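Student: Have a look at the structure that comes next, please.
The values are calculated or read from the model by the stated rules, or taken from the named source; none is laboratory data. All values derive from a computational prediction rather than experimental measurement. Cβ sites come from the backbone with ideal geometry, for glycine too, and all protein chains shown count toward neighbours.
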Amino acid sequence: MFSKFAKNKSTTFKALPEKFDTLVGKNTVIHGRLVLQESIRIDGKVVGNIESSKEESITVVIGVAGEVQGDIVAQRVVVAGKVAGNIHAHERVELHADCLVQGDIKYGSIAIEHGSKVLGLLLQVGTSAPANMSDADAQNAIRKAQSVNNGS
């Protein structure tokens, strides 16, 4: 029954028609806050927050060898490597197989490949939920969901 699924190697991820003007190479380490005006691909290491304006159509891609220690705010975030920090993608987050995210993820839509690891909360934010949801709001949402599941 499951054999036909195991043979199917197709993926729901679409190739982004994105042009990356900024590349952080495999042997590069950056310490500090990055404020983006163009999309970026990170194959090295960034220690610090990565930010872009909500109005900008910015994509942040963390390659398989890439690592970010800090928060990421962008329209789209694609993770194939490691992130130790919170992610806020106004539009979409993609988590590829074998990636590791240690932090909360706020997203408009999300795609997660089998084998991805997330140690944190997944919070969908859309037109009905405020984009600036606080940690207290998130904890209240968790308590509410747990009380419904426990029959309280």
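Student: From the list V29, V64, V47, V78, which one is under 12 Å from the mean Cα position of the chain (by Cα) and either farther than 21 Å from Q124 by Cβ or of a type outside the set (F, W, Y) (or both)?
Tutor: Only one candidate passes the filter, namely V78.
Per-residue answers, yes or no, for (1) modelled with pLDDT of 95 or more; (2) surrounded by fewer than 13 Cβ atoms within 10 Å (Cβ to Cβ):
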position: V101; (1), (2): yes, no
position: Y107; (1), (2): yes, no
position: G126; (1), (2): no, yes
position: A129; (1), (2): no, no
position: N140; (1), (2): no, yes
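Student: Can you find even one residue in the stretch 110-123 that is hydroxyl-bearing (S, T, Y) and either closer than 23 Å to G32 by Cα or modelled with pLDDT under 95 (or both)?
Tutor: Keep residues of the stretch 110-123 that are hydroxyl-bearing (S, T, Y), which gives 116.
Of the ones still in play, those that are also either closer than 23 Å to G32 by Cα or modelled with pLDDT under 95 (or both) are none.
No.
Student: Do any strands (runs of 3 or more DSSP E) entirely within the stretch 50-119 hold 2 or more residues that are of a type outside the set (V, I, T) and touching a strand residue (DSSP E or B) at 6+ places or on another chain (Cβ under 6 Å), and if so, which? I'd like the intermediate steps shown before the answer.
Tutor: On the way: elements: 50-52, 59-62, 67-69, 72-79, 82-84, 87-95, 100-102, 105-112.
Because the criterion is at least 2 residues that are of a type outside the set (V, I, T) and touching a strand residue (DSSP E or B) at 6+ places or on another chain (Cβ under 6 Å), the strands (runs of 3 or more DSSP E) in the stretch 50-119 that meet it are 50-52, 67-69, 72-79, 82-84, 87-95, 100-102, 105-112.
Student: Determine the pairs where a residue that is touching a residue at least 40 places away in the same chain (Cβ under 8 Å) and within 16 Å of N27 (Cβ to Cβ), located within the stretch 48-68, has a partner that is assigned to a loop (DSSP other than H, G, I, E, B) and of a type in the set (G, A, S) with Cβ atoms under 9 Å apart, the partner being 6 or more residues away or on another chain.
Tutor: G66/G44; G66/A80; G66/G81
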